[in-house]
Each structure stands twice: as C-alpha cells, then as structure tokens.
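Working notes for the structure below.
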Amino acid sequence: METQKINLFIVDDNKSLVVALKQFLQTKFGANINITTFYDGESCIEKVNEYTDMVILDHFMNGKNGLEVLKEIKKINPKTEVIMLSSNEDIALAIQSFRAGATDYVVKGPSSWKKLTKLVQH
C-alpha cells in the first residue's frame with residue numbers, strides 16, 4: 001500500500017529561511033512530502049487547490065500579510081491546514097490567526113523547526 005505524499009507549501013519572503021526549511025523537512029520526511037516554496041502570498045494563493053494539504057505561512061511579508069493570505073487559502077480549500085510562522089510573539093496576532101482558521105501559530109526561534117516537524121508529522 002502506497003502512502004499518500006503530503007503536499008506542503010512554504011511561504012516566507014526570507015529566501016534563505018525558505019531554502020533551509022525545505023531542505024530540513026525533505027531530509028526528515030523524504031519521499032513522503034512534496035514541498036513547493038513561495039516568497040510572497042499572492043503566488044501561493046494562485047497555486048492553492050484541493051490537493052494542498054498544508055501551508056507554513058509567514059505573517060510579515062511584502063504585499064499581502066499572512067493573515068490575509070490565510071483567509072484566502074481557507075476560501076479556496078477549507079481543509080488545508082495552515083501553520084503561521086512568525087517572529088511576532090503578540091498573543092493578539094496568534095488569536096487572530098486561529099480565528100481565521102490557522103491550525104497552529106509557531107514563533108520563529110531555536111525550537112520552531114522541531115515543532116514544525118511534529119505538526120507536519122501529525
């Protein structure tokens with residue numbers, strides 16, 4: 001029986017973070033994950049469809065911010081799990097994200113990739 005690949009999007013305007021996180025997750029999950037990367041929310045929204053399982057989404061980006069992108073993703077595919085990844089520790093922003101449909105809110109830092117790994121695995 002073949003396991004279904006997870007279709008995961010990483011959206012962040014920090015290109016070095018995107019490349020490193022993609023490499024980290026591909027090392028962890030190997031052939032079980034298909035990762036597509038974006039450096040702005042608009043290009044991500046164009047590609048979201050019924051096969052988009054999960055999006056790791058930065059909040060502060062040029063153009064649309066993460067909260068706006070999150071709302072658009074949920075309109076296109078309400079089943080897509082969206083994990084907000086932000087350097088902002090503001091609890092009000094986290095609450096706004098959850099109200100808009102985010103699955104989780106992860107603050108960028110030393111343990112954030114470990115937490116992301118657990119969320120993707122789940």
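The values are calculated or read from the model by the stated rules, or taken from the named source; none is laboratory data. This is a predicted model, so every value here is computed, not measured. Here the Cβ is made from the backbone with ideal geometry for all residues, glycine too, and neighbour counts use every protein chain on show. Ligands, DNA and RNA are excluded from the accessible area calculation, which covers all protein heavy atoms including side chains. Shrake-Rupley method; radii C 1.70, N 1.55, O 1.52, S 1.80 Å.
Structure notes:
- Of the Cα atoms belonging to region 58-109, the radius of gyration and Dmax stand at 10.2, 30 Å.
- Positive dipole terminus of the chain, leading residue within MET84, ILE10, ILE33 (C-beta point charges): ILE33
- Legend: distances between Cα atoms for LYS5/LYS28; LYS28/LYS115; LYS28/LYS71; LYS28/LYS114; LYS47/LYS74; LYS75/LYS114; pairs beyond 21 Å are LYS28/LYS71; LYS75/LYS114.
- Treating r as the C-beta distance of LYS114 and LYS75 and R0 as 22 Å, the FRET efficiency rounds to 0.10.
- Of all DSSP bridge pairs formed entirely within region 17-122, close to 0 percent run antiparallel.
- Evaluated at q = 0.15, 0.18, 0.19, 0.20 Å⁻¹, a Debye calculation over the C-alpha positions of the chain (equal weights, vacuum) places log10 I(q)/I(0) at -0.61, -0.90, -1.01, -1.13.
- Dipole magnitude (debye, nearest 20) for the chain, charges at Cβ of Lys, Arg, Asp, Glu: 320 debye
- For the chain, the mean residue ellipticity at 222 nm estimated from helices alone is -12500 deg cm²/dmol, where every DSSP H run of n ≥ 4 contributes -39500 (n - 2.57) and the total is divided by all residues, rounded to the nearest 500.
- Residues of the chain: accessible area per residue with a 1.4 Å probe, Å²: 58 Å²
- Here the accessible area of the chain is 50 percent carbon and sulfur, with a 1.4 angstrom probe and all protein chains present.
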